[in-house]
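Asks: One structure follows; several queries about it will come next.
The values are calculated or read from the model by the stated rules, or taken from the named source; none is laboratory data. Since this is a predicted model, take the numbers as computed values, not measurements. Positions of Cβ are backbone-derived with ideal geometry, glycine not excepted, and every protein chain shown enters the neighbour counts. Just so you know, the surface numbers come from the protein's heavy atoms only, side chains and all, with ligands and any DNA or RNA stripped out. Shrake-Rupley method; radii C 1.70, N 1.55, O 1.52, S 1.80 Å.
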Amino acid sequence: MNVANRMNLLGTESAFDVLVKAQGLEAQGHDVVHLEIGEPDFDTPSHIVEAGKKALDDGYTHYGPPVGLPALREAIAEEINTTRNLSVHPDQVVVTPGAKPIMYYTIIALAQAGDEVIYPNPGFPIYESVIRFADATPVPVPLTEDRGFSLDVNQLRDLITDKTRLIIVNSPQNPTGGVVPESDLKAIAEVAVEHNIPVLSDEIYSRLIYGDTFHSITAYDGLENLIFILDGFSKTYAMTGWRIGYGVMPSDLVPHFNRLMVNSNSCTAAFTQMAALAALKGPQDSVDVMREEFRKRRDIIVDGLNAIPGITCPTPGGAFYAFPNITGLNKSSQEVADFILNEGHVACLAGSDFGVYGEGYLRFSYANSIENIQKALERIAQCTAQLQT
Ligand SMILES: Cc1ncc(COP(=O)(O)O)c(C=O)c1O
C-alpha cells in the first residue's frame, strides 16, 4: 500500500520500543527491571477512581463539548490561577485525552513549511517529531549539564529568526529532571515578548518538584497573548491510562483547538473528566505522598549511580528521571543502554533518544520500587564493570 510521504516525517517515543524488547526478554523467562517508562507506579487515588465509577453509573457515557465539560474547565482555570498567579477565564481552557494532543495541536496550529520551532534538546521526542510532521524546521536549543540542564538564553536569542513561530519550554524536564531557574524563565519570557513569539510551556511535571516551589514562565508580564500552558493529570495523580490533560491558551486560539478536537477525538471521555474534576477538588495529600516517595527513590538512584565507576549523576530537581553522564564508559549511549538491557536485564533509555545533545547520557525513570531500583543498581554496576574490561 502507498503511504503518504508525511508518514516518514513522524518519529516515535523509544520508551515504548524498549518496553516491547523488555517484555520479549520477560517472555523468555528473564526478570527485567523496568526503568524505561515514564509513568508513576502508584494506583490512581481511590477517591478519584470512585468518582470515575460514579460518573459511569450517572450516565457520563456520551459525547460532550469538544473542548471539555464546563465544570472541569472552570476548575482547571481556578487551579491555574491559584498555582500560576494568573487570571485566565474557563473559556481559555481546552480539555484533551492526555496532555499530548495539546503539544500536537499547538505545533500544527502555529507552524507550517518554511517556519521554525525552537525546542529543548535533549527533550521529549514528540516535540521534534511533530515539528517535522508539520513540515516546519526543528531548531534545537541545547540543554547542558553545566547549566543544570537549563538553556543559554544568549544562544536562544541567536537561534531566533523572522521564521520562528514557537518556542517550547519544559520545566521540570523530561528526560533530565532539570528545573529551569526563575532567572532563565524570566529571560526567555523577555525574548519571546520582544520578538512576539508564542511559547508552549510544558508543565506536565509541575507538581513533581523537590526543592523550591514551582515557577511557571507564564507569570511574566507581556506573555498573556502568547502563552500555551500544557498540563494534566497523568503524572500528578497517577492517571496515565485515563487519558486526560489540558491546555490553556489565548481565547482566539480556542476555536482552532475546538476544530482540531472535532476532527480527531470529538471529545475527551466524560467519566474521565468527572474523575479529573474530583482530582482537582478533592484532597491533595496523595500528591504529596507520591512526591516524597519519589524523592527517596531519587536520592537512592542518584547515590547509587554516582558510586559506579565511569558514571556521574547530577541530582534532578523535578520529575522522576535520573540522567547520568556515562561518557566515562567510552561507549555510546545506545551501546550502554542495549548492553544493560540484554546482559543486566535493566531497561533504560539512551540519552540520544532525546536528541543529539542527549548523547553521553542514559535516562532512568525511578518510578519503580526501592527494592527494584537497588536490584537495578547492582546489575548496572556489574554490566559497566564488564564494559570496562
Ligand atoms: C514532557 C512531557 N510532556 C507531556 C507528556 C504527555 O503526557 P500525557 O500522558 O498526559 O499525554 C509527557 C509524558 O510522558 C511528558 O514527559
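Asks: One residue is enough: does the range 93-104 have a residue meeting the conditions open to solvent by 40 Å² or more (accessible area, probe 1.4 Å), assigned by TED's automatic domain parsing to the domain that holds residue 172 and at pLDDT below 95?
Replies: There is no residue in the range 93-104 that is open to solvent by 40 Å² or more (accessible area, probe 1.4 Å), assigned by TED's automatic domain parsing to the domain that holds residue 172 and at pLDDT below 95.
Asks: Among the residues of the range 279-315, which ones are in contact with a strand residue (DSSP E or B) (Cβ under 7 Å, 6 or more places away or on another chain) and either open to solvent by 30 Å² or more (accessible area, probe 1.4 Å) or free of Cβ contacts under 8 Å to residues at least 40 places away in the same chain (or both)?
Replies: Selection gives 302, 306, 312, 313.
Asks: Now, a different point. Among the candidates 55, 27, 22, 51, single out the residue that is of a type in the set (Gly, Ala, Ser), more than 16 Å from the ligand (Cβ to nearest atom) and surrounded by fewer than 11 Cβ atoms within 10 Å (Cβ to Cβ).
Replies: 27
Asks: Let me ask something else about it. How about the range 368-389: which of its residues are more than 13 Å from residue 336 (Cα to Cα) and open to solvent by 10 Å² or more (accessible area, probe 1.4 Å)?
Replies: Of everything in the range 368-389, those that are more than 13 Å from residue 336 (Cα to Cα) and open to solvent by 10 Å² or more (accessible area, probe 1.4 Å) turn out to be 368, 369, 370, 371, 372, 374, 375, 377, 378, 389.
Asks: Need pairs with beta-carbon distance below 7 Å; first residue among the hydroxyl-bearing types (Ser, Thr, Tyr) and within the range 262-278, second in a helix (DSSP H, G or I); sequence gap 6+ or separate chains.
Replies: 272/52; 272/242
Asks: With respect to the numbered conditions (1) away from the ligand (no atom under 15 Å from the Cβ); (2) of a type outside the set (Gly, Ala, Ser); (3) within 20 Å of the chain's Cα centre (by Cα), which one is the sole condition not fulfilled by residue 125?
Replies: In the conditions (1) away from the ligand (no atom under 15 Å from the Cβ); (2) of a type outside the set (Gly, Ala, Ser); (3) within 20 Å of the chain's Cα centre (by Cα), residue 125 misses (1) alone.
Asks: Pick from 141, 130: which is part of a helix (DSSP H, G or I) and open to solvent by less than 10 Å² (accessible area, probe 1.4 Å)?
Replies: 130
Asks: Now for a separate question. Look through the range 349-376, keep the residues that are in a helix (DSSP H, G or I) and touching a strand residue (DSSP E or B) at 6+ places or on another chain (Cβ under 6 Å), and return whichever of them is farthest from residue 291 (Cα to Cα).
Replies: 357
Asks: Right, something else. Looking only at residues that are in contact with a Leu (Cβ under 7 Å, 6 or more places away or on another chain), within 10 Å of the ligand (Cβ to nearest atom) and outside any strand (DSSP E or B) in the range 197-235, which one is least open to solvent (accessible area, probe 1.4 Å)?
Replies: It comes out as 203.
Asks: Of all residues being among the hydroxyl-bearing types (Ser, Thr, Tyr) and within 21 Å of residue 220 (Cα to Cα) in the range 65-101, which is farthest from the ligand (Cβ to nearest atom)? Just the residue, please.
Replies: Among those that are among the hydroxyl-bearing types (Ser, Thr, Tyr) and within 21 Å of residue 220 (Cα to Cα), it is 87.
Asks: Does the range 34-43 include one or more residues that are surrounded by fewer than 22 Cβ atoms within 10 Å (Cβ to Cβ), aliphatic (A, V, I, L, M) and either outside the structural domain of residue 345 (by TED's automatic domain parsing) or in contact (Cβ under 8 Å) with a residue 40 or more places away in the chain (or both)?
Replies: Yes, the range 34-43 has at least one match.
Asks: Residue 163 passes all but one of (1) out of contact with any strand residue (DSSP E or B) (no Cβ under 8 Å at 6 or more places or on another chain); (2) on the phi < 0 side of the Ramachandran plot; (3) surrounded by fewer than 24 Cβ atoms within 10 Å (Cβ to Cβ); which number fails?
Replies: For residue 163, the failing item is (1).
Asks: Which condition breaks for residue 119 when tested against (1) touching a helix residue (DSSP H, G or I) at 6+ places or on another chain (Cβ under 6 Å); (2) open to solvent by 30 Å² or more (accessible area, probe 1.4 Å); (3) within 23 Å of residue 220 (Cα to Cα); (4) hydroxyl-bearing (Ser, Thr, Tyr)?
Replies: Of the numbered conditions (1) touching a helix residue (DSSP H, G or I) at 6+ places or on another chain (Cβ under 6 Å); (2) open to solvent by 30 Å² or more (accessible area, probe 1.4 Å); (3) within 23 Å of residue 220 (Cα to Cα); (4) hydroxyl-bearing (Ser, Thr, Tyr), the odd one out for residue 119 is (2).
Asks: Just to be sure, is residue 269 out of contact with any strand residue (DSSP E or B) (no Cβ under 8 Å at 6 or more places or on another chain), of a type in the set (Gly, Ala, Ser) and open to solvent by less than 10 Å² (accessible area, probe 1.4 Å)?
Replies: Answer is no for this residue.
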